[in-house]
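Below is one structure, written out as structure tokens, with a few remarks after it.
The values are calculated or read from the model by the stated rules, or taken from the named source; none is laboratory data. These figures come from a predicted structure and were not determined experimentally. Cβ: placed from backbone, ideal geometry, glycine included. Neighbour counts: every protein chain shown. Only protein heavy atoms, including side chains, enter the accessible area calculation; ligands, DNA and RNA are left aside. Shrake-Rupley method; radii C 1.70, N 1.55, O 1.52, S 1.80 Å.
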Amino acid sequence: MLGSINHSSTLSILLYPLSPKPGCCSSRKLNVRTHPWEKSVEKSVKLRTMVVGCKIENQEMGLQASERLYLGMDFGTSGARYALIDKQGTIHAEGKREYPNYMKEDSLDWALSWKTTLFSLLEDVPVHLRPLVASISLDGTSATTLIIDSKTGEPLARPYLYNESCPDALPLVKSIAPVNHTVCSGSSTLCKLVSWWNNDDSDKKSTMLLHQADWLLWLLHGQLGVSDYNNALKVGYDPEADSYPDWLLSQPYAQLLPMVKAPGTSIGHLKGDIRTQFAGFSEDCIVCTGTTDSIAAFLAARATKPGKAAVSYGVHYCQSNYRQASFCYNSVCKIIRVTSLGSTLAIKLLSTTRIEDARYGVYSHRLDDKWLVGGASNTGGAVLKENFSDEQLEKLSEHINPMEASPLDYYPLKSVGERFPVANPKMEPRLHPRPESDVEYLHGILESIARIEAKAYVLLKDLGATQVNEVFTAGGGAKNDKWTKIRERVLGLPVSRATQTEAAYGAALLALKGCQ
Ligand SMILES: Nc1ncnc2c1ncn2[C@@H]1O[C@H](COP(=O)(O)OP(=O)(O)O)[C@@H](O)[C@H]1O
Ligand SMILES: O=C(CO)[C@H](O)[C@H](O)COP(=O)(O)O
């Protein structure tokens, strides 16, 4: 399945398995524009591969070559994490950091908080393992948007967060985009860009749009203006055509749009000043394009222990003669439906058909030659975090009988607005009446979120997505066995916790892919 795609005048990079059967996007040649720096990266990757492939005299080099590690970082809603894995998917180090609360005027300075957290995570990578890190990638929250100075990379306005809605821009966006296109949602990246373009009277000449993951990766590789087709979906990028559509390129703000590559594509080497600041990282460590947090969680959920076939980004791990797990070709994997129970509820369902309907907040992300159909609700763990500590969640959950339906009917939202399975920026949270007992209250919230999840899966089925019969769970909520049983009862399906539930693990798989 995996095949290198010969490009006319472009760098030939092993990208994705191209399914011979007519697929949504597999038949197209993916044209990757080359830049001088890509040649050098490819050369160094080849060089290293040669080094890995041949006998290494020097013991130190031998150890270094055979023990290459891959660093993934997840910039989620409530904090950031890293995972350091080897080619067999074994985790050698992991850690997490809360976002520091830096204030700028009267609001949180998110950009400074993310940048500080990025460097704190790099600091947390054990010094003795840093020289083994071959590549780095990361994920961020989807549609989290920064407008930056295209010369300095500095943010020119406060970031628009993933769940922020800009309804003022919606009429204009609907007037240029196809009916019910993914961008036709107030929380889309395009609505945020148009809202900024129409309301900000600053000089717009040297400006650029980047997503949270793009901007954090730029801090590591130094190539400004590069995104990936998962993060770029909600600004209007068409991952099937592998280009921005004409209706978008004809807009005055099209000049702000970043270049788009596949997730896990080598962009450049880790910058020298970063290697100086965080001693130990090797000069041939590369930085790859990233993805969104719920896709990274999906990738993590699909990775099982080495030796068992599991597809992750179009390839699967297999243990060849119990030596190095190596990238083999695609194979069928039963994990095709993943609910990310993080601060939000994000659903991803692997499908051969692409489904988009902004009326319900449904869109399709590209995954190799297939589609991840789904959406992201504003319900989820953020509401739990607002009412209970993680310890309280554990203690109270022990007293819940998951086989008993809660009579409480909530719509748990942290603030006004819902994206999926109902796209209604004016939807009010519903968390009353609150019973005396916190156990009953928690039970009501967990069951109400499960009912939203069930409604979402029915909606996807009604819109033509693949019917499947098992759900795997990623994210912080996956650890709650009582919630899992409530969801099984409400969904009427087997629900299990994925082997890997952290998005950072999925980002590490992207870093590994970027080295192949
Ligand atoms: N035992 C538990 N049961 C249910 N939810 C939990 C439990 N422990 C933590 N959580 C929730 O998990 C969420 C964090 O999950 P995580 O995947 O880290 O979120 P994100 O990356 O979106 O910030 C928090 O909102 C927290 O309330
Ligand atoms: O809720 C979110 C933040 O955690 C994001 O919206 C989530 O990542 C879903 O977006 P996508 O489906 O584009 O990954």
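Can you order the peptides 350-356, 99-105, 241-247 by their average number of other Cβ atoms within 10 Å per residue, highest first? Let's see the in-between values first.
Numbers: 350-356: 18.7, 99-105: 12.0, 241-247: 13.9.
Peptide ranking by packing, descending: 350-356, 241-247, 99-105.
To the nearest Å, what is the center-to-center distance of the stretch 106-132 and the stretch 189-257, using C-alpha atoms only?
24
Let me check I have the definition right: for the stretch 329-423, take the eigenvalues of the Cα gyration tensor, multiply each by 5, take square roots. What are those semi-axes in whole Å, largest first?
For the stretch 329-423, the ellipsoid semi-axes come out as 30, 18, 12 Å.
Report Rg(Cα)/(2.2 N^0.38 Å) for the stretch 83-233, keeping two decimals.
Numbers: Rg = 17.5 Å, N = 151, 2.2 N^0.38 = 14.8 Å.
Its radius of gyration relative to the 2.2 N^0.38 Å reference: 1.18.
Provide the FRET efficiency to the nearest 0.05 for the residue 516-residue 469 pair, computing r from the beta carbons and using R0 = 25 Å.
Details: r = 32 Å, r/R0 = 1.29.
Once the sixth-power term is evaluated, E becomes 0.20.
Once fully extended, how much extra length lies between residue 462 and residue 438, figured as 0.36 nm per residue of separation less the alpha-carbon to alpha-carbon distance? Mind showing how you got there, number by number?
Numbers: separation 24, 0.36 × 24 = 8.64 nm, distance 3.60 nm.
Additional length available on full extension: 5.0 nm.
Taking R0 as 41 Å, what's the FRET efficiency between residue 241 and residue 409 from their Cβ-Cβ distance, rounded to 0.05? Before the final figure, lay out each step's value.
On the way: r = 43 Å, r/R0 = 1.05.
The formula returns an efficiency of 0.40 here.
Show me the three semi-axes of the equivalent ellipsoid for the stretch 173-277, from the C-alpha gyration tensor (sqrt of 5 times each eigenvalue), largest first, rounded to whole Å. Provide the component values of the computation, followed by the final result.
Working: eigenvalues 141, 56, 23 Å².
Equivalent ellipsoid of the stretch 173-277: 27, 17, 11 Å, largest first.
Could you list the residues of the stretch 153-172 with an amide nitrogen less than 15 Å from a label point located 7 Å from the Cα of residue 219 in the Cα-to-C-beta direction?
153-156, 159
Using 1/(1 + (r/R0)^6) with R0 = 51 angstrom and r between the beta carbons of residue 91 and residue 455, what's the FRET efficiency to the nearest 0.05? Provide the component values of the computation, followed by the final result.
Details: r = 35 Å, r/R0 = 0.69.
It comes out at approximately 0.90.
So, by mean Cβ neighbours within 10 angstrom, what's the order for 199-212, 369-382, 407-420 with the highest one leading? Don't skip to the answer; put the middle values down first.
Details: 199-212: 16.6, 369-382: 25.4, 407-420: 19.0.
Output ranking for 199-212, 369-382, 407-420: 369-382, 407-420, 199-212.
Per the 1.4 Å probe, what fraction of the accessible area of the stretch 351-477, in percent, lies on carbon and sulfur atoms? Could the numbers behind the result be given before it?
Details: 2900 of 5520 Å².
Heavy-atom surface of the stretch 351-477 belonging to carbon and sulfur, 1.4 Å probe: 53 percent.
Any idea how far apart residue 123 and residue 276 come out in nm if each label point goes 7 Å out from Cα toward Cβ?
Roughly 1.9 nm, to one decimal.
Test of understanding: extend the Cα→C-beta vector of residue 387 to 7 Å, then name every residue of the stretch 440-459 with backbone N under 13 Å from that spot.
Hits in the stretch 440-459 for residue 387 at 13 Å: 440-450.
So how do 338-346, 80-88 stack up, highest first, on mean other-Cβ count within 10 Å?
Details: 338-346: 28.4, 80-88: 22.8.
Top of the packing list down: 338-346, 80-88.
Rg over Rh of the stretch 424-501, using C-alpha atoms and the Kirkwood radius, what does it come to? If you can, show how the numbers build up before the last one.
Details: Rg = 14.1 Å, Rh = 14.0 Å.
Using Cα coordinates only, the ratio equals 1.01.
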